[in-house]
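Only one structure is covered here, and it is reproduced in the block below.
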Amino acid sequence: MKVILDQDKCVASGQCVMAAPEVFDQRDEDGVAILLNDSPSEAGTEDVQHAASVCPALAIRLSA
Amino acid sequence: MTETLSSDEPQAGIPEYPMRRAQGCPFDPPPTLRDEQEKGPLTKVRLWDGSRPWLVTRYAEQRALLADPRVSADITRPGYPSQSSSRSNSIGFILMDDPEHARLRRMVTAPFTIKRTEALRPRVQQIVDDLIDDMLAGPNPVDLVESFALPVPSLVICDLLGVPYADHDFFQDNSKTIINRDSTDEQRAGALGRLAEYLDRLVGEKLDRPSEDLLSQLAARVGAGELPRGEAARIGVLLLIAGHETTANMIALGTLALLQHPEQLTALRETQDPKLVAGAVEELLRYLHITHSGRRRVALEDIEIAGQVIRAGDGLILPNDIGNRDPRAFSDPDRLDIHRDARHHVAFGFGVHQCLGQPLARMELQVVYSTLYRRMPTLRLAGALEDIPFKHDGSVYGVYELPVAW
């Protein structure tokens, strides 16, 4: 699975960090999400899918 | 004849909004909202001014529309379903669209990251423990709102913003006037003016003597010419109100809801598992959904959704309280169950305007719910549920007072 994050869309809600802290973090200066790992392991799939589904700005896309 | 016509069901068959909750069901959204949700995802309501915006009651359609860039939060646009005749934006970027909204919002997001919020947890724990110490040493029974629910988030947001807590009576009273549905436009404007003046003065002080707080950061932007001073003050007003009133209501109403569901309260009191506490917070946010006046928007273009066409200029009301009770998104939605996975709730809204303080609110509630009932295990309502004054007249729901004993 590949994770694509659109930082321009991000509204810094922090939902992705809560859902999948091993894949997402936030910039210190404005809370905008950063991708720690764009190809997470299978074990993390569910968390990343949850992160994408709760992102209020629809800034996270997943591809196979 | 007249007694069969409640104010929620006028002659035309289009219900009025906002609606009334059912007597004896203080935790449930108005039954008319549920009726509308069963009719379909989009129906119409009538507002105070006779306008008839769309009412969007189902979870999926609420999320889709709140995240749709063709939908505007700009209160000054024609068609915006306003709560009153005042259409000026006195509360700042929550009633603006991108890119201006994003530019201003990003100026204040830094203190609300997960990391920064977690770093505040020990301080919040200290605040909560100190207030509980005071309650245990003071009179019994006591009003939990005044002694605990309001002070916790007020102290926290004062620290974060750099507002002196000694002024809490002043800002709490004015906040109350602003969010009371029954306030006149004049009363609301007066209260907003007083808070804006107060925040403006504080921004001025921070310009001269900056410290480590958020108002100082905004003042620095004012000094650098990036932000008009009036806008900095408006942002301060918004964060001050949103930072204390919402969490305070969740603390008091959440405690009341748990006291009415003793088995859930026991589970929460006895757990050592921070995951269960975090889950309980999400479920209480979903179940209580205190921002009960509907998210309000206006369509910028024609939007096809759920077999309907929303026309450009049509108003939209999206009551997330009923979205959080949509059986299509939550099984057995009217049951409070702290063990369920409620993390996909829309208590903080959805789309680019979703609450920016949500990590702070969550952390505060986690500390409160995991501490209060453990340290006051015999906590109980001092009086009858029927006598509790609920905030039916507030744009934010909750209780005005909560007499408790232990």
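Taking every pair of Cα atoms in the range A:2-63, average 1/r, invert it to obtain the Kirkwood radius, and report Rg/Rh to two decimals.
Checking Rg against Rh, the ratio lands at 0.91.
Quick one: which residues, 5 or more positions from A:GLN26 or on another chain, have an amide H under 5 Å from its amide H? H modelled 1.01 Å from N in the peptide plane, none for Pro or chain starts.
A:ILE34
Just check the range B:117-232 against the gyration tensor rule for me: Cα atoms, a ≥ b ≥ c as the square roots of the eigenvalues, rounded for a/c under 1.5, and otherwise prolate or oblate depending on whether a/b exceeds b/c.
It is oblate, given that a/c is not under 1.5 and a/b is not larger than b/c.
When B:HIS292, B:HIS344, B:HIS339 are ordered from fewest to most other Cβ atoms inside 10 Å of their Cβ, what list results? Mind dumping the intermediate values first?
Working: B:HIS292 24, B:HIS344 18, B:HIS339 11.
So the residues, fewest neighbours to most, are B:HIS339, B:HIS344, B:HIS292.
Name the long-range amide H neighbours of B:ASN180: under 5 Å, sequence gap of 5 or more, or other chain; modelled H, no Pro or chain starts.
B:SER395
Between B:TRP48 and B:ALA224, what is 0.36 nm times their sequence separation minus the Cα-Cα distance? Round to one decimal in nm.
59.0 nm
Over chain B, what relative contact order in percent results from Cα pairs under 8 Å that are six or more residues apart?
24
For the protein assembly as shown, what proportion of DSSP beta bridges, expressed in % and rounded to the nearest 5, is antiparallel? Could the numbers behind the result be given before it?
On the way: 25 of 28 bridges.
Roughly 90 percent of the DSSP beta bridges within the protein assembly as shown come out antiparallel.
Taking every pair of alpha-carbon atoms in the protein assembly as shown, give the share separated by more than 35 Å as a whole percent.
Summing the P(r) of the protein assembly as shown above 35 Å gives 30 percent of all pairs.
With an 8 Å Cα cut-off and a minimum separation of 6 or more residues, compute the relative contact order for the range A:2-63 in percent.
46
What are the extents of the Cα atoms of chain B along their three principal axes, in Å, largest first?
Cα spread of chain B along its principal axes, largest to smallest: 57, 56, 38 Å.
Share of antiparallel DSSP beta bridges in chain B, in percent to the nearest 5?
Given both bridge residues lie in chain B, the antiparallel proportion sits at roughly 85 percent.
Just to be sure I follow the rule: in the protein assembly as shown, considering lysines 8 or more places apart or on different chains, how many pairs have Cα atoms under 27 Å apart?
Eligible lysine pairs with Cα atoms under 27 Å apart amount to 7.
List, in order, the whole-Hz ³J(HN,Hα) value for each residue of the range B:141-147 obtained from phi through the Karplus relation with A = 6.51, B = -1.76, C = 1.60 and θ = phi - 60°; use x for Gly and Pro.
Values, residue by residue: x, 9, 8, 5, 5, 6, 8 Hz.
Please name whichever of B:PHE148, B:VAL71, B:ALA329 sits farthest to the positive end of the charge dipole of chain B, dipole taken about the Cα centre and charges placed at Cβ: Lys and Arg +1, Asp and Glu -1.
B:VAL71
Taken together, the values in this text are just the output of simple stated rules run on the coordinates, not laboratory data. Computed from a predicted structure; not experimentally measured. Because the Cβ atoms are built from the backbone with ideal geometry, glycine has one as well, and the counts that use them run over all protein chains shown.
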